[in-house]
1. Report the residue, chosen from A:348, A:249, A:209, that carries the largest GNM mean-square fluctuation when chain A is represented by alpha-carbon nodes joined by springs under 10 Å.
2. May I have the pair-distance distribution P(r) for region B:99-198, computed from all Cα-Cα distances with 5 Å bins from 0 and rounded to whole percent?
3. Relative to the first principal axis of the alpha-carbon coordinates of chain B, what is the inclination of helix B:258-267, with its axis defined by its Cα atoms, in degrees from 0 to 90 and to the nearest 10?
4. Only Cα pairs within less than 10 Å get springs; with that Gaussian network setup on chain B, which residue of B:223, B:17, B:186 has the largest fluctuation?
5. Tell me whether region A:2-209 comes out rounded, prolate or oblate; compute the Cα gyration tensor, take square roots of the eigenvalues as a ≥ b ≥ c, and use a/c under 1.5 as the rounded threshold.
6. Within 10 Å of each Cβ in A:389-397, how many Cβ atoms from other chains are there, averaged over the peptide?
7. Using only the alpha carbon atoms of region B:115-165, find the Kirkwood hydrodynamic radius as the inverse mean reciprocal pair distance, in angstroms to one decimal.
8. Can you give the FRET efficiency for residue A:155 and residue A:367, using 1/(1 + (r/R0)^6), R0 = 41 Å, r = Cβ-Cβ distance, to the nearest 0.05?
Amino acid sequence: MELLRIATAGSVDDGKSTLIGRLLYETKSLKDDQLEHIEQKSKAKGLTHTDFSLATDGLLTEREQGITIDVSHIYFNTPRRRFIIADSPGHVEYTRNMVTGASNAEVAIILLDARKGVIEQTQRHYSITQLMGIEKIVFAINKMDLIAYDSDRFDEIISSIKALIGQDSSAPKEIHYIPLSALNGDNIVDASKNTPYYNGPSLLELIHQLPVNDTVHNENILQVQYVIRPQLEAYHDYRGFAGKVRSGQFKLGDQIEVFPTGGKATIKKIEKYGKEINSISEGENATLLLDKEVDISRGNAIIGNTSSIAQTKAIRATVCWMQANQLLGGSKYWMQIGAQKIQCKIRQVIEKKKLAQKETLSADALALNDIGTVEIQLAQPILALTFDQNKPLGTFILIDPLTNNTAGIGFIQNT
Amino acid sequence: MNILKTLEEEAIYIIREVAGQFDRPALLFSGGKDSIVLLHLCAKAFLPAKIPFPLVHIDTGHNFPETLSLRDTLVKRYGVQLHIGHVQESIDQGKVKEETGKFHSRNSLQTTTLLDTIEKLKLDACIGGARRDEEKARAKERVFSVRDDFGQWNEKMQRPELYDILNGAINAGENVRAFPISNWTELDVWEYIRQENLEIPSIYYAHNRPVYRRDGQWMPVCEFHAVAEEEIEIKSVRFRTVGDMSCTAAVASTASNLDVIIDEIAASTYSERGARMDDKRSEGAMEQRKKVGYF
């Protein structure tokens, strides 16, 4: 069975929780006790229908305010696929949570209220999905029941979404538009009779059809997380470099080079959880054993059989800022790329994005939720890989040394 | 990659991040199925070395004896160190008060003992077996969840998590709860137990036991709750979750092996924590416990 990770985004009252609750209900993922519970709550609220949003709005503060505050993870499956939905809040203040929700997703569902069409939040959500490199986007035009399933209005909304995307040079690979009513169940599982003008798949059909990504990169890189050294007689000289293959693959006998120390060796053994294997590929964990002693520690990378990859100590990156204290030129942070953690200094903030995609403003600081371009100087070298070349190694977080909080996230543009 | 393999890779990556980033981590071990799976994953992550951190068991004193005996067997089998924090001690020290009334349990009392144990052992990270599909407050949990000096979870101030980059940097007095099996479902845990042939406490399998009916649930007869003789029945039951004996309900079942249990769970119309009286107390029971330091 395949696993598809989906991120959902929408504004307050777009009916996102209702949509997810509806998906859970229709796929029979809500158990009797959960269903009983939300039916009882719906009645207590004086509603005549079952309020499916109660299935996901979890926290007390959220119920109090009727909004979603933090990313909620929802699991369900059908006989064909497993789905993980990261349901991200719509509130502008909680954009950082949408980044958390969207970062592992392959598909994003952006909800719109048919009455309101494209609003500022829609632009913001779309631009975050593009920042995160999500290639498949579903625009779910919800609450069609409230505009009497008007096809002209639906077309009008599609045109304004297209206008929004049109300004973007790197448009996503796949875009879908579906007219929905999460409340009434239109186009959720089956084609709705209320939207004869729509010939596409229902939402559930669509998320079954969308292909699951399987990109493999050319460079062979394993980033070391942990050095396994059993303090046991039988494994006296054992030094196993455990980590995840970030890119490409490794096999027995491969020549390797260590980044950044430059040490060279040959792979003597590849182990996976104590068992010997012959090769290992991208996305998998492995423990590599080498034929000679070379200096390797956590955060270093083992690079196999490729002409060596360039290193850099200065990058230009897109940064999304996530804390109240501004990002300013001259300030220092910790930068973490996978398991590598180094000190860095912001050389300068160059510009920040205006909401409407292409436009930028020159700026010398980034405030909470701002997205901008920043030049960063690094205390130690990193592999010169951009986000477009290699997602896991072209992405980083900035950690505020005063609070230890994750202050921002970044995507490497140039090295 | 099939789903179990994807989940195993993700979990072991997280476990190695904990070992790589923290000085004094530990594995919170309750003896239930999730913590047994976690123990096994921790062992796999460091082979051929032993698990480089100890287990911590917060003992409510209201355990199923089967859980305790398997705990001790596993500690020997995996060659790990075990620290036990006793809720009874916290009660004796006057730090917490035993609950009274119907369904009194020591579940919420555990938090104080847990926080004291973390402080005593100077732990900076605790690996836990919480899963996001269990409960709505847990569905909002990060993989690395920072807890302040008071062990509190602040749902509004959670750190963003980008891809698999885990920020384990903390200030003095804080600690991190790490959840490697966040993305596993109940069924995944069972299927993994079957795939890896893991030993779990016998009470997960159907057995005859004296039980009584409370609020539509079969509660095990135990020394902690008085119950009238005529209410007690002997029934074939099993437990779907293993917590404090005084607040964990059984389900009627004759499933005596994993294949049947997995079929039963797949077809079940009741959620897992539906059998936990501690969660049924109020809307947001789990959230409130998490806010004061529960994991």
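1. Among A:348, A:249, A:209, the largest GNM mean-square fluctuation belongs to A:209.
2. That works out to 2, 11, 17, 20, 18, 15, 11, 4, 1, 0, in percent per bin.
3. Compared with the principal axis, the helix lies near 90 degrees.
4. Looking only at B:223, B:17, B:186, the largest GNM fluctuation is found for B:223.
5. Judged from the Cα gyration tensor, region A:2-209 comes out rounded (a/c under 1.5).
6. What the average comes to for A:389-397 is 2.
7. For region B:115-165, the Kirkwood estimate is 12.5 Å.
8. In this case the efficiency is close to 0.65.
The values are calculated or read from the model by the stated rules, or taken from the named source; none is laboratory data. Note that the structure is a prediction, hence the values are computed from the model and not measured. Don't worry about glycine lacking a Cβ; one is built from the backbone with ideal geometry, like all the others, and counts go over all protein chains shown. Only protein heavy atoms, including side chains, enter the accessible area calculation; ligands, DNA and RNA are left aside. Shrake-Rupley method; radii C 1.70, N 1.55, O 1.52, S 1.80 Å.
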